[in-house]
Amino acid sequence: MPSSIFKVMKTRMDYQGKRVTVMGLGGFGGGVGAVQFLAARGAQVTIADLRSETELAESLAAISDLPISAFHLGEHRAADFSNADMIVASPAVPRTNRFLKIARDAGAVVTSEMNLFWQHNRGKVVAVTGSNGKSTTAALIHALLTAAGRRCYLGGNIGRSLLPLVAEIASDDIVVLELSSFQLEDLAPLHPQPDVAVVTNFTPNHLDRHGTLEAYRQAKQNIVAWQRSDQLAILNADDTDLIQWPTPARRLIVSAQPHDKPGIYREGDDAVYFDGCAAQRFPLAQWLPLPGAHNFQNALAAAGCAISLGATLTAVEAGLKSFQALPHRLQLVAEIDGRQFYDDSIATTPESVVAALQAFTAPIILLAGGYDKGIDLADFARLIGMRCKAIALLGQTGERLQTCLQAEGSAADFQRFGNLEEAVRWCHARATQGDVVLLSPGCASYDWFRDFRERGNAFTSLVNNYSGCKAG
């Protein structure tokens, strides 16, 4: 996307008395963080969100003590954009939105919560992105660096805004940021130069927003494009697309196969960190509490990052052993009569579901489908049809998946559902002792739910309604 579409500040702004519209308060923390930051600096803040007061209740409660100029919920008003000095837009809002055009035409600065943080942050930045695994990898990096004794902050797309805390972050602190393609697209005009960039993988995603695979790739590549030669890019060498991305930074590769280049590699159940001169081997599988080969790969990247920033193997061991799985990421939520129920609602791409399926040897009853992001689902349907005992098909993509499964002549038991409650009841009825019931949709949640968190919480609540349940 041309940088002219997204007008940003090149220098820090004096916010005192400035008229600022926060477009999209949302529930992920970014909108709330922006409001808290701006209100504390004397800005006249107007909140504009298409959602209702009821839908935004949690976010509104978090800013109830702040002096907000106006709340315009359930609609957008042109005056909030034409009369503003600045618009802080949610990453979820397409930058071609007509209200943002009104603001730009009126001369307002259009920015985002992440861009504001980037401009004010003094700490060292570890930026993490990827089509899958970026949240877990970012959280692991934060845990390992904290165990190493570094003062470290975790934020970004993981759902935690660091903007209200930016003034307390010192130059020697480390900020670990999970960055989505939307946030990286917004950051492009600032030519971001993270001290360390970590990219887990690259597969088609968000084509409904970016339009083409190339546009999605360009957004992701912003994380490494402007790095300096004294900075570090940690890249997945097993991803044939990603490993070719150009960057001026020094490379540290991550691979499931041994290499002779500087990097961190898997050898059996061990990890080997090689800096180009000496190698350090450690029992990563023994230290890692997360299941699945994909989490081993995430931990490789995290350990490589932490060691490159000075962490010892003792700190890596302590950080890994104490790490707890993030909610909605292959999280065991209940065990009922020998049936295990896992919430993997974060799985919004086919590739992430593949990784989840590979984490189990037991028979799997899968809940799959959701919002249609415009990606090809034929191979996904073929795989789940071969791997799963039964499949509950959900949301907008349920019909497409059903058609594909029928065309393949899948032996799996599958059925479409109009709501999650019916799907969970059906899955529970078909599960026998030793089975895994897995919510790993492979699609976004926007057709039925506000976000993957709400979907995961709904699944957990429905599962825990069954008698005899033991929470995981």
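The values are calculated or read from the model by the stated rules, or taken from the named source; none is laboratory data. All figures in this text were calculated on a predicted structure; none of them were measured in a lab. Quick reminder, even Gly has a Cβ in these numbers, built from the backbone with ideal geometry, and neighbours come from all protein chains shown. To get the accessible areas, we keep the full protein, side chains included, count just its heavy atoms, and leave off ligands, DNA and RNA. Shrake-Rupley method; radii C 1.70, N 1.55, O 1.52, S 1.80 Å.
Structure notes:
- In terms of distances greater than 25 angstrom between alpha carbons, the cross-link table entries Lys220/Lys321; Lys124/Lys220; Lys134/Lys373; Lys134/Lys389 yield Lys220/Lys321; Lys134/Lys389.
- With the gyration tensor restricted to C-alpha atoms of the stretch 305-383, the semi-axes of the equivalent ellipsoid amount to 30, 19, 11 Å, longest first.
- Using Cβ point charges alone (K and R +1, D and E -1), the dipole size of the chain about the Cα centre works out to roughly 740 debye.
- Residues whose placed amide H lies under 5 Å from that of Val125, excluding near-sequence neighbours: Val175, Asp195, Val196
- Protein accessible area in the stretch 1-148, 1.4 Å probe - carbon and sulfur %: 50
- Percentage relative contact order, the chain, counting C-alpha pairs under 8 Å, at least six apart: 11
- The calculated P(r) of the stretch 356-403, using every Cα pair and 5 Å bins from 0, goes 5, 21, 33, 24, 13, 5, 0 in percent.
- Which of Phe414, Phe323, Phe282 is most accessible, then next, and so on - probe 1.4 Å: Phe414, Phe323, Phe282
- Under a model in which nothing but the beta-carbon of Lys, Arg (+1) and Asp, Glu (-1) is charged, the stretch 257-412 shows a dipole of about 60 debye around its Cα centre.
- Its convex hull of Cα atoms gives the stretch 240-357 a direction-averaged projected area, equal to a quarter of the hull surface, of 9.0 nm².
- Charge-dipole axis of the chain as Lys and Arg at +1 and Asp and Glu at -1 on Cβ define it, positive-most pick from Pro283, Val196, Gln16: Gln16
- Accessible surface, 1.4 Å probe, highest first, among residues Thr240, Thr348: Thr240, Thr348
- Over the stretch 185-293 - Rg/Rh using Cα atoms and the Kirkwood inverse-distance radius: 1.02
- Accessible surface, per residue, of the stretch 36-112 when the full set of protein chains is kept, probe 1.4 Å, Å²: 47
- Length-normalised contact order of the stretch 46-144 in % [C-alpha pairs under 8 Å, at least 6 apart]: 22
- Applied to the stretch 19-28, the Karplus parametrisation 6.51 cos²θ - 1.76 cosθ + 1.60 on θ = phi - 60° returns per-residue 3J(HN,Hα) values of 8, 10, 9, 8, 9, x, 5, x, x, 9 Hz, with x for Gly and Pro.
- Dimensionless Rg ratio for the chain, taking C-alpha atoms and the 2.2 N^0.38 Å reference: 0.99
- Ser161 - accessible surface, heavy atoms, 1.4 Å probe, Å² rounded to 10: 20
- Each other residue within a Cβ distance under 14 Å of Ala356 adds +1 if Lys or Arg and -1 if Asp or Glu, for a net charge of -1.
- Taking all C-alpha pairs of the stretch 22-125, those more than 19 Å from each other amount to 39 percent.
- Whole-Å distance, taken between Cα centres, linking the stretch 335-396 and the stretch 147-186: 31
- Positive contributions from Lys and Arg (+1) and negative ones from Asp and Glu (-1), summed over other residues with Cβ under 9 Å from the Cβ of Asp435, come out at +3.
- Residue-by-residue Karplus 3J(HN,Hα) for the stretch 125-138, coefficients 6.51, -1.76, 1.60, Hz, glycine and proline x: 10, 10, 9, 10, 9, x, 6, 9, x, 6, 5, 4, 5, 4
- Förster radius 45 Å - calculated FRET efficiency between Ala78 and Glu399, Cβ distance, rounded to 0.05: 0.75
- Peptides 416-428, 294-306 ordered by average Cβ neighbours within 10 Å, highest first: 294-306, 416-428
- Length gained when the stretch Glu214-Asn464 is fully extended (0.36 nm per residue, less Cα-Cα span): 85.7 nm
- Over the chain, dividing the summed -39,500 (n - 2.57) contributions of all DSSP H runs of at least 4 residues by the number of residues returns a 222 nm mean residue ellipticity of -9000 deg cm²/dmol.
- Accessible area in square angstrom per residue, the stretch 215-295, 1.4 angstrom probe: 46
- Residue-normalised convex hull volume from the C-alpha trace of the stretch 37-81: 69 Å³ per residue.
- Neighbourhood net charge (11 Å Cβ-Cβ; Lys/Arg +1, Asp/Glu -1) for Gly27: -2
- Ordering of 272-281, 351-360 by packing [mean C-beta count within 10 Å, highest first]: 351-360, 272-281
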